[in-house]
Amino acid sequence: MSALPAIRVTPVDAALRSAVLGLHVQPEQYAYVSPIDVSLADAEQCPASTPMAILHGDTPMGYYRIEHSARSVADRDFDVPALGLRSFFIDTRWQGRGFGAPALQALCGDLATRHPDARLLVLTVNCRNLAALALYQRTGFVDSGALYHGGRSGPQHLMWRPLP
């Protein structure tokens, strides 16, 4: 029996762009995450944002953005160098199969290489998005106890995870 391909992450480049644009979530999840074409176009226009693909082997199965300043996600500064995580999702065809936690592990491992000075990864998650909240807590994110009220679908928990 052969091993399953590892989950890895890489910046979205011209070779991956078309496949990444084919990713999507369940219709009800669009309350929590922007459509991929909107997020990717915005990230490509912002020099302080890096669009990233989550790969299973060589197949894109998810997407996220790293914001070089957590302020763009949380609307506040932090005492240590902090990055922001935005638009994290696993494609609907891959959901429910246990790929969320390994994807977040790969993401954090990649940040240690790409952004070695960063000490904190910050995100917001909608208060109604219980599945995402549970995933983030399982993978080392801590709820700050503060709410972010700038989200289009209501209040969001402000969470963070220390980076190595």
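The values are calculated or read from the model by the stated rules, or taken from the named source; none is laboratory data. Keep in mind it's a predicted model, so treat the numbers as computed, not measured. All Cβ positions, glycine included, derive from the backbone under ideal geometry; neighbour counts span all protein chains shown. Remember, those area values only see protein heavy atoms, side chains included, never the ligands or the DNA or RNA. Shrake-Rupley method; radii C 1.70, N 1.55, O 1.52, S 1.80 Å.
In terms of the Cα gyration tensor, with a ≥ b ≥ c the square roots of its eigenvalues, is region 98-143 rounded because a/c is under 1.5, prolate because a/b exceeds b/c, or oblate?
On the way: a/c = 2.86, a/b = 1.61, b/c = 1.78.
Taking the square roots of the gyration eigenvalues as a ≥ b ≥ c, region 98-143 is oblate.
Per residue, what accessible area does the chain have, given a 1.4 Å probe and all protein chains present, in Å²? Before the final figure, lay out the partial values.
Numbers: 8330 Å² over 164 residues.
Accessible area per residue: 51 Å².
Using a/c under 1.5 as the rounded threshold, could you call region 46-164 rounded, prolate or oblate? The axes a ≥ b ≥ c are square roots of the C-alpha gyration tensor eigenvalues, and prolate needs a/b larger than b/c, oblate otherwise. Can you show the working numbers first?
On the way: a/c = 1.58, a/b = 1.15, b/c = 1.37.
Because a/c hits 1.5 or more and a/b fails to exceed b/c, region 46-164 counts as oblate.
Between residue 6 and residue 152, what length comes free when the chain is fully extended (0.36 nm per residue of separation minus the Cα-Cα distance, one decimal in nm)? Write out the running numbers ahead of the final one.
Numbers: separation 146, 0.36 × 146 = 52.56 nm, distance 3.43 nm.
Length difference between fully extended and current span is 49.1 nm.
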Give the carbon-plus-sulfur fraction of the accessible surface of region 41-91 in %, rounded to a whole number; probe 1.4 Å, heavy atoms of protein chains only.
-> 46
Taking every C-alpha to C-alpha distance in region 1-100 and binning by 10 Å from 0, the per-bin percentages run 15, 45, 31, 9, 1
Dipole check, the chain, charges on Cβ (K,R +1; D,E -1), about Cα centroid: among 31, 45, 11 the Cα furthest to the positive pole belongs to 31
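With a ≥ b ≥ c taken as the square roots of the eigenvalues of the C-alpha gyration tensor of region 7-58, please select rounded if a/c is under 1.5 and otherwise prolate if a/b is larger than b/c or oblate if it is not? Before the final figure, lay out the partial values.
On the way: a/c = 1.84, a/b = 1.15, b/c = 1.60.
It comes out oblate by the Cα gyration axes.
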Given unit charges at Cβ for Lys, Arg (+) and Asp, Glu (-), the dipole magnitude of the chain about its Cα centre in debye, nearest 20, is 320
Could you work out the relative contact order of the chain, using alpha carbon pairs under 8 angstrom and six or more residues apart, expressed as a whole percent?
-> 20
Using only Cα atoms, tell me the angle between helix 36-45 and the longest principal axis of the chain; keep it within 0 to 90° and round to the nearest 10.
-> 70
Measure off 7 Å from each Cα along the Cα-to-Cβ vector at residue 78 and residue 29, then give the distance between these two points in nanometres to one decimal.
-> 2.4
What is the distance, in nm, between label points placed 7 Å from the Cα along the Cα-to-Cβ direction at residue 38 and at residue 138?
-> 2.8
